[in-house]
Every structure is written in structure tokens, then in C-alpha cells.
Amino acid sequence: MPLRIVPPSGSPRTLALAQLVNSLGDGAYYVCSALYFARVVGLSPARIGLGLTVAWGIGSLAGVALGQLADRRGPRPTAVVLALATSASVASFLFVRSFTLFLLAACCYATAQCGLAAARQALLASLVAKEERTGTLAYLQSTLNAGLAVGAALGGFALHFGSREAHLSVFVLDAAAFALCALVLLRLPDVRVDHPPHRTAARQAVFRDLPYAVVTFLNMIMLLRMPLISLAIPLWIVERTSAPGWAVSALLVLNTGAVMLFQVRTAAAVRDLPSATRTVRRGGVAMLASCAVFALSAAAGVPARVAVAVLLAGAALQVWGEMMQSAGAWQISFDLAPAGRHGQYQGFFGAGVPVARMLGPVLLTTLVVGLGVIGWLILGALFLAAGLAMGPAVRRAGKARTATAYAV
């Protein structure tokens, strides 16, 4: 299968363009935001961490309600409004001068981001045929990584200059990117929403869907990989290995490049729920193997060049597992969601991302940096257990969905 990073024409390509535009701004924002809040606003790291934890906690809950709004009012207008709301919340950071204002702006930002993610998933479900959704999401993920890489480079220029104006320009860029994203989304067709029967009972139905909640929880465990490459591994390299500091950058480049080039190919193996659960299970095995390899990088007497080689091998296994987990999870989340309720179900399933952002840093640093090799093995066992449990959980959720459909 040839390498492809540009999606087919039509709605998939427009969705990818919207993804590319806002990921350019986000890439710069991720690089510069923490230093801006610390150096320019004057907040302590503890207050920044507290504010973001509270914000993403609120955002994870709001995402379900906003996803339900997309189901009721239509995914395209909801996505457009939330893209504009994200743009406005990013712009509000320019006027933050205290912790209270920072907390308020961060909550607005996280809420709009989580709602936008749910609305865009619902929009994709309404515009793309069922059998093409996972492949389209693979293209979007490749586009996301490409945009983040370019945006991070732009953010690097701002860090190089280091001035207040340079930092502010990054927030202006991100706000403009989300406003442009809203304009791109307007190019998509405005689809009608087919509401399920018993509409009143369908409100917040996802909170009563225990089998789907179990699947979401298992996926959330596997999403702990997200702060692994950006936080835990850099700390591990600096504090526990003989590898030079530039190895952190090498691993990030490997991760980003691999997803850009191979996510579409990896997703091609996923066609239905059985293939999705097999892929997630293999992802769990790969992530266990990566944890074991990362642990070896701190072996006593390992020269720096060998440590770098071991770290690169661990990163290759980790990104392979990441791509398989992502591809399988996309298929599972869509196939188990009832028709007409993709917004609220995707909002609930996507809550694993902000939860991983909230809990992941503390958990991973405690395991990896605090416990060392044993911590790596515990983390790998968690990934493996979640991957193995996904199959039975998905089968149970599928049976429950079938029974509900017959009942209706």
C-alpha cells in the first residue's frame, strides 16, 4: 500500500484542511503557553498546573453536553460556533493578568476544545460512509501531526526571541487559526440530524450505557500514552539515562513523523469491530514491549550512544502501539454509538483525552521516574491488560447495542 497523507477529495479533504489550520496554531501554543503564563503573566508552575487540571476536568464533562447539542442542532453549525468560541478563548489569554482570570479563560478554552472535538466527530459521522470513517480519521491524524510539527517550529521562533510580544504573537496566531478553521468548516454541507425515537429518553443516554462506559474507561487507560512521549520520557532521559538531551527531540521527531507517514496504512487493517479489537490488543502488546525497552535504557554502564539506540527502539515500538490503539479505538467508538447520538457518545469517549492530560503527568512521573524499571513494567502491564480486556468489553457492548435496537 503506497504512502498517502492527503485524504480523498470532498468532505474528508475539507475536514483535513480544517484540522491542519487549527493544528498549526495549536502547535505554536503548546510550545509557548506554559512559559507565557509563567514568565509574562507571572503564575507559579503549581498554579498553572492546578488551573489546567480544573479546566480540563470541566471540559471533559462539558464535551458530552456540547456533543448532544451537535446531535440536536446539527454538527456543522455547532462545530463552527465552537471553533469561534475556541478562538475567542485563546484571544482572552492576551488579557490575563491574574490566576482568577487565567482559570476562567482556561475553563472556557478547555470546554470549547472538548465540545469542538465531539462536534467534529459527529460531523464526520454524518458526512463520511461508515466503512470509510476510520480511514478518514487516520488521514486527519496524519494532518494533525503535520500541523503540530510546523506550528511547534513557529513557536520555537517565539521562544528564541523570548520577548513578551513574541509570546503574544503565538496566541494571536492560534486565535486566528481557529477562526479560519470555522470558515473552512462552513464549506462543508449542512447535514440534517436524524433524531432517534424517544428523543427525551435519549438525552444523556451515554451516561446510562454501562458497557460503553467500560470500553471508554479501557481506552482512557491506553491514552495514558499521550503524556508519555511529551513528559515522562524526557524526564526519564534526563534523570535516569546517560543519553544526551537532544535525544528528547529525536524521539519527538520519530513519533510525529511515523504518525504522519504510517497512520493511514495502520488503519487500513481495521474494517469492523473484530478487526478493531484485534488491533487494539496488538497495540497493548506493542506498548508493553516499548515500556520494557525503555526500562533497559537505564541499565548500569550503558554508553550514551547505546542508550540513544535503545530509546529510539522503544519509541518506535511505542508509536507503533499508539497508531494501532488509535485506529482500533476510532472504529470502536463509532460502531458502538447509536445513530443520531454520535455527538454525545463521541464527547463521552473523547473525555479520555482531557482525563489523560489531568491524571497522566502525576501517575506517569510517579511510576516511571519514581519507581524506575518496576514502574515501567507496571505501566506496560496496564497497557497490556487494557488491550486484552477491550475485546470482551466491546463484545458485551455490541450485544447490549443490538438488544437496545430490537427493543426500540
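The values are calculated or read from the model by the stated rules, or taken from the named source; none is laboratory data. Predicted model only: the values in this text are computed from it and were never measured. Because the Cβ atoms are built from the backbone with ideal geometry, glycine has one as well, and the counts that use them run over all protein chains shown. Heavy atoms of the whole protein, side chains included, go into the accessibility calculation; ligands, DNA and RNA do not. Shrake-Rupley method; radii C 1.70, N 1.55, O 1.52, S 1.80 Å.
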Exercise. Hand me the list of helices (runs of 4 or more DSSP H) wholly inside region 203-318 holding 2 or more residues that are among the basic types (Lys, Arg).
Key: 273-296
Quiz item: Restricting the first residue to region 253-277 and requiring it to be within 16 Å of ILE229 (Cα to Cα), which pairs with a second residue that is at pLDDT 90 or above and open to solvent by 20 Å² or more (accessible area, probe 1.4 Å) meet a Cβ separation below 7 Å and a spacing of at least six or different chains?
Solution: LEU254/LEU312; LEU254/ALA316
Quiz item: Could you list, in sequence order, the residues of region 333-349 that are of a type in the set (Gly, Ala, Ser) and open to solvent by 30 Å² or more (accessible area, probe 1.4 Å)?
Solution: ALA339
Quiz prompt | In region 230-249, the residues that are of a type in the set (A, V, I, L, M) and either at pLDDT 85 or above or touching a Ser or Thr at 6+ places or on another chain (Cβ under 6 Å) (or both) | solution = ALA232, ILE233, ILE237, ALA243, ALA247
Quiz prompt | Single residue of region 9-41 satisfying the filter (open to solvent by 50 Å² or more (accessible area, probe 1.4 Å) and without any contact (Cβ under 8 Å) to a residue 40 or more places away in the chain) that is farthest from LEU183 (Cα to Cα) | solution = ALA34
Quiz prompt | Qualifying residues in region 350-359 (those that are open to solvent by 10 Å² or more (accessible area, probe 1.4 Å) and in a helix (DSSP H, G or I)) - the one farthest from LEU82 (Cα to Cα) | solution = LEU359
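Residues LEU69, LEU52, LEU82: which one is farther than 30 Å from THR14 by Cα and part of a helix (DSSP H, G or I)?
On the way: LEU69 fails: farther than 30 Å from THR14 by Cα; LEU82 fails: farther than 30 Å from THR14 by Cα.
Sole residue among the options that is farther than 30 Å from THR14 by Cα and part of a helix (DSSP H, G or I): LEU52.
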